Amino acid sequence: MKTLKINHIFSIIILLVSVSIYSQNKRPNIIYIMSDDHAAQAIGAYGGMLSKLNPTPNIDKLASEGILFKNAFCNNSICTPSRASIISGQYPQTNGVLDLDDSLEVEKQYLPIELKKLGYSTAIIGKWHLKNEPVNFDFYKVLPSQGQYFNPTFLEKGKGTWPKNEVKSVGHSSDVITDLTINYLKGVDKSKPFFVMHHYKAPHDMFEYAPRYEDYLKNVEIPEPASMYNQPFFGSAGTRGKKDSLVNFIGTSISPRHTVNIGKTPTNYADRFFGDTADPKLATHLAYQKYLKDYLRCVKGVDDNLGRLFDYLKKEGLWENTIIIYTGDQGMMLGEHDFIDKRWMYDEAMRMPFIVHYPKKIQKGQESDLLINNTDYAPTMIDLAGGKVPEYMQGFSFKNTLEGKSQPNWRDATYYRYWMHMIHHYVPAHFGVRTKDYKLIFYYGSHYLTKNQFTNQYWTKTYVGFDEETPHTWEFYDLKNDPQELHNKYNDPAFKTIIEELKEEIKKQREELNETDIKYPHIQKIIDENWNN
């Protein structure tokens with residue numbers, strides 16, 4: 001009788017454990033895929049002049065079977081700050097990462113921390129770029145800093161003390177990172193849900209593609225943005241200088257326009273690769289073709305590798321119960337306005353591609369114009385995993401939108417700030433807000449550090465102009481009628497009321513998001529003096 005009672009209790013325990021495991025397995029797996037600098041305009045599903053080149057068939061198919069967000073934006077278009085906002089769900093002054101020089105504290109690696117509480121195994125593979133060890137992941141194998149395109153070295157958990165835990169690899173980084181993720185998934189504990197951050201280095205410059213893509217687009221003429229050659233109503237003194245006095249200084253370029261070299265390296269693509277070409281317009285054309293083809297060859301490598309990853313998930317029966325997110329850490333200027341790189345608040349740099357696929361909950365073929373930003377990604381993933389969004393996160397979950405429900409009390413404007421000033425790609429510091437229909441930008445044009453704080457900063461030895469203010473000006477764009485942002489309408493009386501409303505929105509969001517300049521009185525002084533200019 002005693003033995004039967006013990007057996008009965010044992011059976012109940014086994015049943016409870018089985019129910020617990022089954023309950024955990026009902027939670028979806030999550031694979032968050034992020035490329036570096038992959039602009040939405042370089043994805044076929046987003047349309048635009050590059051879509052006819054069909055650079056991303058696998059990503060396009062993912063979008064057609066899920067939901068594509070047309071209004072996803074970062075709050076700071078530069079790698080480290082954007083990644084910090086994604087993983088923390090917070091804006092820069094709250095998570096402590098304003099620019100490339102900052103590192104995210106390990107205590108603020110909130111996304112894996114919260115998902116582990118929900119029973120997930122967690123891993124990050126590929127580019128990390130947040131400097132401190134990703135200790136809150138169960139497994140990591142990440143590139144040190146930017147990493148290398150070919151034969152990259154990784155830092156792997158369990159292989160020594162960070163950052164000396166180096167492991168070598170052979171091959172192109174996009175191929176290697178995909179292999180690593182597939183191999184990780186082969187061995188992951190299937191008794192509980194998994195969360196994987198799968199991060200490519202590509203297509204970050206300098207666009208080193210795998211040799212097999214040498215002939216891709218070789219005989220194709222890439223369509224060119226008209227604004228690369230002519231845009232008489234674009235910008236302001238803050239981006240061009242008074243009477244165009246700074247057009248050769250502000251913003252690295254495709255054309256020979258930008259003439260401030262970094263050492264012996266030209267900061268414009270035309271002089272860098274076609275400096276012997278006498279005709280500036282021809283040099284610009286040749287430079288653009290090279291810039292785009294090299295970039296899109298890297299993109300093609302990402303897309304092909306995603307095809308491999310998706311095939312593996314389908315083969316192993318993981319496709320239906322896995323949420324797949326595809327994004328980039330920000331956008332990229334691909335010659336628009338004759339700019340290269342990111343950093344700017346113009347849509348090409350500020351917009352992030354964002355696609356979600358989950359057959360169990362997300363209806364096929366959806367597009368959403370909900371105004372989301374990168375602080376919303378962590379809250380949404382936590383919500384999808386069945387957790388409660390922590391109060392310390394400043395972003396919001398848009399799970400309702402993913403599931404075809406209404407999204408009440410959502411934001412009407414998203415805040416942006418680029419903190420660096422005239423470093424690397426000579427972009428002046430600025431902030432602003434974007435709604436679905438309008439954009440207001442203030443170029444305050446000063447580094448947040450004061451001159452006596454520049455000591456020992458590496459960029460003081462390489463760049464010029466960071467210690468000088470650029471003109472303090474406003475730009476306003478009517479996105480409904482001018483989606484390419486070609487005509488600054490700040491001084492148009494027809495938009496006076498809208499501009500005043502957007503200025504109030506900027507004030508409100510800066511207060512609510514802990515994004516004021518109370519710590520930087522020299523910048524606040526510029527803001528106060530130029531608020532109504």
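Annotations
- Segment 152-166, subset of a type outside the set (S, T, N, Q), touching a Gly at 6+ places or on another chain (Cβ under 9 Å) and free of Cβ contacts under 8 Å to residues at least 40 places away in the same chain, residue surrounded by the most Cβ atoms within 10 Å (Cβ to Cβ): Phe154
- Thr178 passes every criterion in (1) of a type in the set (Val, Ile, Thr); (2) part of a loop (DSSP other than H, G, I, E, B); (3) out of contact with any Pro (no Cβ under 8 Å at 6 or more places or on another chain) apart from (2).
- Taken over segment 130-151, the residue count meeting the criterion of being touching a residue at least 24 places away in the same chain (Cβ under 8 Å) and small (Gly, Ala, Ser) is 1.
- Listed by first and then second residue, the pairs linking a residue in segment 484-512 that is touching a residue at least 24 places away in the same chain (Cβ under 8 Å) to a residue that is part of a helix (DSSP H, G or I), with Cβ atoms under 7 Å apart and 6 or more places separating them unless they lie on different chains, are Gln484/Ser227; Glu485/Asp347; Leu486/Ser227; Tyr490/Ile499.
- Given (1) closer than 26 Å to Tyr213 by Cα; (2) at pLDDT below 95; (3) part of a loop (DSSP other than H, G, I, E, B), number of the condition Arg272 does not satisfy: (3)
- Residues located in segment 135-147, provided they are under 19 Å from Ile33 (Cα atoms), in contact with a helix residue (DSSP H, G or I) (Cβ under 9 Å, 6 or more places away or on another chain) and open to solvent by 20 Å² or more (accessible area, probe 1.4 Å): Asn136, Asp138, Phe139, Lys141, Gln146
- Here Glu529, Glu511, Glu515, Glu469 are screened, and the one residue that is open to solvent by 20 Å² or more (accessible area, probe 1.4 Å), closer than 24 Å to Thr375 by Cα and modelled with pLDDT of 95 or more is Glu511.
- Any hit, segment 509-523, residues being among the aliphatic types (A, V, I, L, M) and touching a Phe, Trp or Tyr at 6+ places or on another chain (Cβ under 7 Å): yes
- Residues of segment 433-467 that are in contact with a strand residue (DSSP E or B) (Cβ under 8 Å, 6 or more places away or on another chain) and at positive phi: Gly445 alone.
- Residue, nearest to the chain's Cα centre (by Cα), within segment 46-75, restricted to residues that are among the aromatic types (Phe, Trp, Tyr) and either in a loop (DSSP other than H, G, I, E, B) or under 10 Å from Ile355 (Cβ atoms) (or both): Phe69
- Scanning segment 198-239 for residues that are assigned to a helix (DSSP H, G or I) and over 26 Å from the mean Cα position of the chain (by Cα) turns up Pro211, Arg212, Ala237.
- Residue, farthest from Ser255 (Cα to Cα), within segment 302-333, restricted to residues that are surrounded by fewer than 22 Cβ atoms within 10 Å (Cβ to Cβ) and among the small types (Gly, Ala, Ser): Gly317
- Selection over segment 34-87 of residues that are within 16 Å of Thr414 (Cβ to Cβ) and open to solvent by 10 Å² or more (accessible area, probe 1.4 Å) gives a count of 2.
- Exactly one residue out of Gln509, Gln484, Gln524 is within 24 Å of the chain's Cα centre (by Cα) and outside any loop (DSSP other than H, G, I, E, B), and it is Gln509.
- One residue from Tyr377, Tyr392 being farther than 30 Å from Gln457 by Cβ, within 17 Å of the chain's Cα centre (by Cα) and of a type in the set (Phe, Trp, Tyr): Tyr377
- Taken over segment 239-273, the residue count meeting the criterion of being open to solvent by 50 Å² or more (accessible area, probe 1.4 Å), free of Cβ contacts under 8 Å to residues at least 12 places away in the same chain and farther than 15 Å from Met422 by Cα is 5.
- Candidates in segment 290-328 are the residues that are acidic (Asp, Glu) and part of a loop (DSSP other than H, G, I, E, B); of these, the one that is farthest from the chain's Cα centre (by Cα) is Glu316.
- When we screen Phe495, Phe476 for residues that are under 26 Å from the mean Cα position of the chain (by Cα), of a type outside the set (Ser, Thr, Tyr) and either closer than 24 Å to Ser446 by Cβ or surrounded by 16 or more Cβ atoms within 10 Å (Cβ to Cβ) (or both), the only hit is Phe476.
- Filter result for the condition that a residue is open to solvent by 10 Å² or more (accessible area, probe 1.4 Å), of a type in the set (Gly, Ala, Ser) and in contact with a strand residue (DSSP E or B) (Cβ under 8 Å, 6 or more places away or on another chain), over Ser227, Ser191, Ser236: Ser236
The values are calculated or read from the model by the stated rules, or taken from the named source; none is laboratory data. Just so it is clear, the model here is predicted, and its values are computed rather than measured. Positions of Cβ are backbone-derived with ideal geometry, glycine not excepted, and every protein chain shown enters the neighbour counts. SASA here: full protein model, heavy atoms, side chains in, ligands and nucleic acids out. Shrake-Rupley method; radii C 1.70, N 1.55, O 1.52, S 1.80 Å.
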